[in-house]
Ligand code: BGC
């Protein structure tokens, strides 16, 4: 043991001194380069125009070639293909004075050409190895196509399903969100000396998911302790995992937009967390501070630089105004130098000074992008992200036999499958539900298709929800005629599969909704289908938790499939036919209606909690018209088998100081199918110095159990798990009694109590 420790220490010392030597070499290289740079060239490094190849917002820079030659561009984003990237890089390294290479970024959010489920879906796998693998594959594909930097992971905690960008994050929980953040950064960055890893950019820092009323880009105002306890942990986890860059969010945070928020960008990020990479704005985040009301472009650009922003995406506020601000003493040369250095360091770490064409190997894309192997992996991962919400009388799995009616506006559409923020996707090659079902069942089953309804009765809504030209196509017949057609098509069916919910662009950026139900016209179709008395399976497409109380009470089976990526249709078929046993669990709470929002499992008790099992009691914290319960709780999800949990066994019932507690349960697969279960650990501090959440996730493990098999799962709990930021911002734990809860869902746990003294 002693020998092992000495060996380990030696390895650590050697690694640390190699790191130091590497850092010194990088410093002297950059020192020498910066000595040669003019002020204009330094400002050029801070400039990140969009390429115009893929457009993700308003206002793009023009004359990019000329600017690159003049040394006025640090990098370019959303440009696709080695050929194009190589051409542009060639201009930078042969025609600009100092031949500084560019970095090439892209929104590689949930896969590149091989698309994985939307991040909210991916988080429902609760499988961090799968999450990491998806990022690794995305990095391999993007880097084979010339990209060296991705604007991912998005780790904004969100408890408001009205916000469309909830689709891009990992749900409501900081513990799970942190685990995903770490896995994604690891998957993308791996070893940056290799040419198949890319630099990651965690976003949107910070608190972008707490936009008031769920309206995109809206104000956030939050206490410091909520910020530190509930919203900041995933960003910090990404920083701890070594993320190379951070993207500032658009929103106003406690009175100062994140883009000019020195507290966030310098005090927290750099001083408290020790972040060493660079911070980029989100798109025209600097320019938008004019509309926020902080001054003209010159003023807001200097505010951003002073706050700790290093790179300006699209807006060119840095490029066009910082020189004047320097003259006027509003920024210093040291401010500009510091930002320039951080960007040059990133390029150095990516190896671009050694080889500007490191990511420009023309041969790789042919075999490494959208390969069969990658698509198979996407199919497997997607199937593990779907959440079986209901399965009355075991309607599912379906037999690959008989007549299956497939109905709904989302059933036979490929473009809609990859989901929001799939900018590099091959939409025409995505697998629709109809494709997937037919491929799985071959000639053994007969499929009858009818669209049954439009996405929404309102054509204008449908157009808004079809941004980026991906509309579902509109049927101009009256709704009643379309429903009748679907009923006729279902007449001889043994089972009806209804593919309903949201289109891909009903979630994502600028896709907030004030009504989070399935659109009315689709619900009318669903009701008509249910009224036939035939078994109906709702295959629910969505980028957010939806209010589906009626559906949960009336539709026999519901499989929530998010947007499953390139292989969605195959993966859905795998689950519907039982070739894969579903194992996803929700990472958000699904409310009964929008009025309950924000509704989340880790809420406080209040001084007047409602007794469990009650709907209403006068002078309690509740509503007159709806109970406090969700339709589906955080952590919930069914399987085609069943699991039982033993009582929670604790290693001790009394602990002191920095001792460690182990808590274990034995989980048994009591059904007759092999399956996977997400075992979840929650803690509740019964009495605290501050009020404490009724439960908080503190551990989880996804296990595979054969039919009849049992496994014991053990969690280690230390005082680090008990710590929280108090009202006065001390980060400590309070002695007292804690409930240790373990179960397969946040609302279905076994409990034991421990006393932990100081
Ligand atoms: C989004 C970011 C994205 C950026 C670049 C912005 O509109 O908020 O998430 O990375 O565009 O495309």
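The values are calculated or read from the model by the stated rules, or taken from the named source; none is laboratory data. From a predicted model like this one, the values you see are computed outputs, not experimental measurements. Because the Cβ atoms are built from the backbone with ideal geometry, glycine has one as well, and the counts that use them run over all protein chains shown.
Residues in region 74-95 that are in a loop (DSSP other than H, G, I, E, B) and within 16 Å of the ligand (Cβ to nearest atom): 74, 78, 79, 80.
With the structure loaded, tell me whether residue 578 is closer than 16 Å to residue 398 by Cα, touching a residue at least 60 places away in the same chain (Cβ under 8 Å) and surrounded by fewer than 24 Cβ atoms within 10 Å (Cβ to Cβ) or whether it fails that test.
Details: closer than 16 Å to residue 398 by Cα: yes; touching a residue at least 60 places away in the same chain (Cβ under 8 Å): yes; surrounded by fewer than 24 Cβ atoms within 10 Å (Cβ to Cβ): yes.
When the stated conditions are applied, residue 578 passes them.
Of the set (1) part of a loop (DSSP other than H, G, I, E, B); (2) within 16 Å of the ligand (Cβ to nearest atom), all apply to residue 291 but (1). Of all the numbered requirements in (1) within 20 Å of residue 516 (Cβ to Cβ); (2) away from the ligand (no atom under 16 Å from the Cβ); (3) crowded, with 24+ Cβ neighbours inside 10 Å, residue 163 misses one, and that requirement is (2).
Tell me whether region 293-303 contains one or more residues that are closer than 18 Å to residue 203 by Cβ and surrounded by fewer than 24 Cβ atoms within 10 Å (Cβ to Cβ). No - not one qualifying residue is present in region 293-303. Every condition in (1) in contact with a helix residue (DSSP H, G or I) (Cβ under 6 Å, 6 or more places away or on another chain); (2) farther than 30 Å from residue 681 by Cα is met by residue 120 except one, and the failing one is (2). Residue 645 falls short on exactly one of the conditions (1) assigned by TED's automatic domain parsing to the domain that holds residue 692; (2) surrounded by fewer than 17 Cβ atoms within 10 Å (Cβ to Cβ), and that condition is (2). Being touching a strand residue (DSSP E or B) at 6+ places or on another chain (Cβ under 7 Å) and under 20 Å from residue 178 (Cβ atoms) is the requirement here; does residue 155 meet it? Yes.
Considering region 208-223, the residues that are more than 23 Å from residue 105 (Cα to Cα) and in a loop (DSSP other than H, G, I, E, B) include one that is farthest from the chain's Cα centre (by Cα), namely 223.
Here residue 181 qualifies as at pLDDT 95 or above, away from the ligand (no atom under 14 Å from the Cβ) and within 9 Å of the chain's Cα centre (by Cα). Only one of the listed residues (139, 130) is assigned by TED's automatic domain parsing to the domain that holds residue 344, part of a helix (DSSP H, G or I) and either within 10 Å of the chain's Cα centre (by Cα) or buried (at least 24 other Cβ atoms within 10 Å of the Cβ) (or both). That residue is 139. Being on the phi > 0 side of the Ramachandran plot and surrounded by fewer than 21 Cβ atoms within 10 Å (Cβ to Cβ): is that true of residue 213 here? For residue 213, the condition - on the phi > 0 side of the Ramachandran plot and surrounded by fewer than 21 Cβ atoms within 10 Å (Cβ to Cβ) - is met.
When you look at residue 108, is it buried (at least 24 other Cβ atoms within 10 Å of the Cβ), closer than 20 Å to residue 235 by Cα and touching a residue at least 12 places away in the same chain (Cβ under 8 Å), yes or no? Reasoning before the result, please.
Details: buried (at least 24 other Cβ atoms within 10 Å of the Cβ): yes; closer than 20 Å to residue 235 by Cα: yes; touching a residue at least 12 places away in the same chain (Cβ under 8 Å): yes.
Yes: the conditions hold for residue 108.
Taken as a whole, the condition of being surrounded by fewer than 17 Cβ atoms within 10 Å (Cβ to Cβ), assigned to a strand (DSSP E or B) and touching a residue at least 12 places away in the same chain (Cβ under 8 Å) applies to residue 712. Looking only at region 186-207, residues that are in contact with a helix residue (DSSP H, G or I) (Cβ under 7 Å, 6 or more places away or on another chain) and within 16 Å of the ligand (Cβ to nearest atom) come to 8 in all.
Yes/no per residue for (1) within 24 Å of residue 515 (Cα to Cα); (2) in contact with a helix residue (DSSP H, G or I) (Cβ under 9 Å, 6 or more places away or on another chain); (3) free of Cβ contacts under 8 Å to residues at least 60 places away in the same chain; (4) not in a loop (DSSP other than H, G, I, E, B):
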position: 570; (1), (2), (3), (4): no, yes, no, yes
position: 586; (1), (2), (3), (4): yes, no, no, no
position: 595; (1), (2), (3), (4): yes, no, yes, yes
position: 613; (1), (2), (3), (4): no, no, yes, no
position: 617; (1), (2), (3), (4): no, no, yes, no
position: 623; (1), (2), (3), (4): yes, yes, yes, no
position: 640; (1), (2), (3), (4): no, yes, no, no
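One residue stands out among those in region 505-532 that are within 16 Å of the ligand (Cβ to nearest atom) and at negative phi: the one that is surrounded by the fewest Cβ atoms within 10 Å (Cβ to Cβ), which is 509.
Would region 142-151 turn up any residue that is surrounded by fewer than 24 Cβ atoms within 10 Å (Cβ to Cβ), more than 16 Å from the ligand (Cβ to nearest atom) and within 20 Å of residue 244 (Cβ to Cβ)? Show your work before the answer.
Taking region 142-151 and keeping what is surrounded by fewer than 24 Cβ atoms within 10 Å (Cβ to Cβ), we get none.
No: zero hits.
For first residues located in region 340-368 and on the phi > 0 side of the Ramachandran plot, partners that are buried (at least 17 other Cβ atoms within 10 Å of the Cβ) and modelled with pLDDT of 95 or more and lie 6+ apart or on another chain with Cβ distances below 8 Å form the pairs 351/192; 351/195; 351/358.
All of 248, 237, 258 fail the test of being more than 16 Å from the ligand (Cβ to nearest atom) and either in contact with a helix residue (DSSP H, G or I) (Cβ under 7 Å, 6 or more places away or on another chain) or not assigned by TED's automatic domain parsing to the domain that holds residue 197 (or both), apart from 237.
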